[in-house]
Amino acid sequence: MHLRVINPTVTTSWEADTLALFQDAASAGTTVTVATIAAGTPSIESRRDEALVTPCVLRAARQAEADGCDAIAVDCMLDPGVHAAREVVGIPVLGPCEASMHLAATLGHRFSVISVAEHHRDLMIEQARRFGVESKLASVRSLDIPVLELEDDPDRTFAIMVQRVREAVELDRAQAIVLGCTGLAGQTAAVQRALAADGIRVPVIDPSAAATRLLETIVAMGLRSSRRTYSRRAGATSSWPEPAVAG
């Protein structure tokens with residue numbers, strides 16, 4: 001299987017880490033490649049950002065299909081362009097938020113999302129509503145650290161993340177945790193060890209791993225998105241205007 005990971009930002013410095021995270025999560029027989037969109041925003045933290053990058057995500061999805069890829073993951077917790085891309089390509093397309101939330105909903109009656117900024121709270125609630133799991137969303141707790149600053153002080157970021165998870169479990173009664181930014185991926189084992197030291201044992205879901213494994217399952221089962229849901233209308237492969245690079 002060939003999995004194409006679309007980086008829906010113009011921050012090319014993330015490519016190596018993204019490739020490593022998805023490769024680590026993938027099965028031995030899965031090849032992972034990363035493609036960064038040509039224009040858009042440095043990070044995606046709003047509905048406006050999502051709207052700006054979507055045309056380039058669609059273009060990258062078409063290219064992935066043309067390259068012979070078997071599936072596509074769009075590497076952002078807002079899942080930008082994912083549902084639109086399902087209308088223009090025939091291979092499975094998935095975002096980490098949809099994959100993570102559905103997985104969390106199977107592992108406990110209530111789950112919380114640990115996001116990066118307070119204004120992401122409504123965005124995550126909207127995602128849960130869209131995916132039909134809002135009734136299982138216990139809370140959204142934020143680190144109050146912008147995406148582009150998550151790696152400035154990794155120890156501080158990790159300490160705050162563990163504290164927010166504790167609060168979600170102890171105060172919000174969450175029974176499963178979703179790390180609500182792909183910039184936090186790769187840390188689930190360390191978070192679970194820190195929690196276990198305090199006697200807290202809940203599943204912590206890595207968004208990159210959730211998307212990777214679910215896509216592998218979809219491909220292995222020979223499944224595709226329903227054309228009753230994601231119709232492929234005439235003209236769906238026509239071009240879109242190129243968005244300008246925005247800050």
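Dividing the C-alpha radius of gyration of the chain by 2.2 N^0.38 Å, with N its residue count, gives 0.97. Equivalent ellipsoid of the range 14-157: semi-axes from √(5λ) of the C-alpha gyration tensor, largest first, are 24, 19, 17 Å. In order along the range 62-79, the phi-based Karplus estimate (6.51 cos²θ - 1.76 cosθ + 1.60, θ = phi - 60°) of 3J(HN,Hα) comes to 4, 5, 4, 5, 5, 7, x, 5, 8, 6, 10, 10, 9, 8, 6, 6, 8, 6 Hz; Gly and Pro are listed as x. The ranking of ILE125, ILE44 by Cβ neighbour count inside 10 Å, starting from the fewest, reads ILE125, ILE44. Remark: MET221, MET77 ranked as MET221, MET77, counting other beta-carbon atoms within 10 Å and listing the fewest first. The 3J(HN,Hα) values that the Karplus relation (6.51, -1.76, 1.60; θ = phi - 60°) gives for the range 113-118 are, in residue order, 10, 9, 9, 9, 9, 4 Hz. Gly and Pro appear as x.
With the convex hull drawn over the C-alpha atoms of the range 97-207, the volume per residue is 85 Å³. The overall shape of the range 47-125, judged from the alpha-carbon gyration tensor, is oblate: a/c is not under 1.5, and a/b is no greater than b/c. Protection proxy ranking for 196-202, 64-70, using the average of other Cβ atoms within 10 Å per residue and placing the highest first: 64-70, 196-202. Taking amide H as placed 1.01 Å from N in the peptide plane, the amide H of GLN175 sits under 5 Å from that of ARG110, PHE111, SER112, each at least 5 places away or on another chain.
Readers should treat all values here as calculations from the given coordinates under stated rules, not as data from a laboratory. A quick note: this is a predicted structure, and the numbers were derived from the prediction, not measured. Here Cβ is always computed from backbone atoms with ideal geometry, including for glycine, and neighbour counts include all displayed protein chains.
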